[in-house]
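J.: Okay, handing you the structure first.
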Amino acid sequence: ELQYGEGGAPAFSARMARLQRWLEAHPGVRVVDPFIATAKVINRLELCTATQQLADIPPISHQLGEGQPDVLLRMCAPRYCVLHSADEAQLAAAVDAAGLRPPWVLKPCVACGLPDSHRMALVLHPRALGPALAAAGVRLP
């Protein structure tokens, strides 16, 4: 139910927009997660940004119970890289700049709602990055 919007960002389809308007007109219907709240998990880039912000929070000390040692809680976010070109030199430069080493999992920006959102590729060698991108049909933002 998502479509690609401006700049490749996901946008709600006309059907989802109608459903949202209907829900707004019927406040008695309870919605667990409002559409706007789902945007961060629908768009993988938004989700990566949100988890990175959590990872920037200093570790928190927490005591499990009386007589128990303190536990240090820390959020870790996976490293990622956004690819904007299928050019092999630009691909290599992007993953090098991000400090990423294979294996890589290539995924589209949209995380649900479209058939393309389920396309992905596992890349085991840097030379296979460009061909894997093309073969998997993963759209670039």
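The values are calculated or read from the model by the stated rules, or taken from the named source; none is laboratory data. This one's a predicted model, so the numbers in the text were calculated from it and none came from an experiment. Here Cβ is always computed from backbone atoms with ideal geometry, including for glycine, and neighbour counts include all displayed protein chains. For accessibility, only protein heavy atoms count, side chains too; no ligands or nucleic acids. Shrake-Rupley method; radii C 1.70, N 1.55, O 1.52, S 1.80 Å.
J.: Can you name every residue in the stretch 87-101 that is part of a helix (DSSP H, G or I) and loosely packed, with under 14 Cβ neighbours inside 10 Å?
T.: ALA89, GLN90, ALA93, ASP96, ALA97
J.: Under 9 Å between Cβ atoms, at least 6 apart or on separate chains: pull out the pairs that start in the stretch 88-102 with a residue that is touching a residue at least 24 places away in the same chain (Cβ under 8 Å) and end on any residue that is aromatic (Phe, Trp, Tyr) and surrounded by 12 or more Cβ atoms within 10 Å (Cβ to Cβ).
T.: VAL95/TRP104
J.: A further question follows. Is one or more of the residues making up the stretch 123-134 open to solvent by 40 Å² or more (accessible area, probe 1.4 Å) and part of a loop (DSSP other than H, G, I, E, B)?
T.: Yes: one or more hits.
J.: Considering each residue of the stretch 55-74, count those that are outside any helix (DSSP H, G or I) and under 19 Å from the mean Cα position of the chain (by Cα), and give that number. Show your work before the answer.
T.: Quick first cut of the stretch 55-74, residues outside any helix (DSSP H, G or I) only: 56-74.
Among the residues that remain, those that are also under 19 Å from the mean Cα position of the chain (by Cα) are: 56.
Result for the stretch 55-74: 1.
J.: Mind listing whichever residues of the stretch 97-134 are aliphatic (A, V, I, L, M) and at pLDDT below 75?
T.: Residues satisfying the conditions are VAL110, ALA111, LEU114.
J.: Picking from PRO58, PRO34, PRO69, PRO27, which residue would you name as being open to solvent by less than 80 Å² (accessible area, probe 1.4 Å), out of contact with any helix residue (DSSP H, G or I) (no Cβ under 8 Å at 6 or more places or on another chain) and not acidic (Asp, Glu)?
T.: PRO34
J.: Look through the stretch 105-119, keep the residues that are touching a helix residue (DSSP H, G or I) at 6+ places or on another chain (Cβ under 7 Å) and part of a strand (DSSP E or B), and return whichever of them is most open to solvent (accessible area, probe 1.4 Å).
T.: LEU106
J.: Could I ask something else about it? Would you point out which residue out of PRO78, PRO108, PRO69 is in contact (Cβ under 8 Å) with a residue 12 or more places away in the chain and farther than 30 Å from ALA14 by Cα?
T.: PRO78
J.: Let me ask something else. Against the condition open to solvent by 80 Å² or more (accessible area, probe 1.4 Å), closer than 28 Å to VAL82 by Cβ and modelled with pLDDT of 80 or more, how does GLN3 come out, does it pass?
T.: Numbers: open to solvent by 80 Å² or more (accessible area, probe 1.4 Å): yes; closer than 28 Å to VAL82 by Cβ: yes; modelled with pLDDT of 80 or more: no.
Taking the combined requirement at face value, the residue does not satisfy it.
J.: Here are ALA77, ALA37: which of them is within 15 Å of the chain's Cα centre (by Cα), at pLDDT below 80 and more than 25 Å from ALA136 (Cβ to Cβ)?
T.: Residue meeting the stated conditions: ALA37.
J.: One residue is enough: does the stretch 120-130 have a residue meeting the conditions within 16 Å of LEU45 (Cβ to Cβ), touching a helix residue (DSSP H, G or I) at 6+ places or on another chain (Cβ under 9 Å) and not hydroxyl-bearing (Ser, Thr, Tyr)?
T.: The answer is yes; a qualifying residue exists.
J.: Next question, about the same structure. Is it fair to say ARG15 is basic (Lys, Arg), modelled with pLDDT under 85, assigned to a helix (DSSP H, G or I) and open to solvent by 90 Å² or more (accessible area, probe 1.4 Å)?
T.: On the way: basic (Lys, Arg): yes; modelled with pLDDT under 85: yes; assigned to a helix (DSSP H, G or I): yes; open to solvent by 90 Å² or more (accessible area, probe 1.4 Å): yes.
Yes; evaluated as a whole, the condition is true for this residue.
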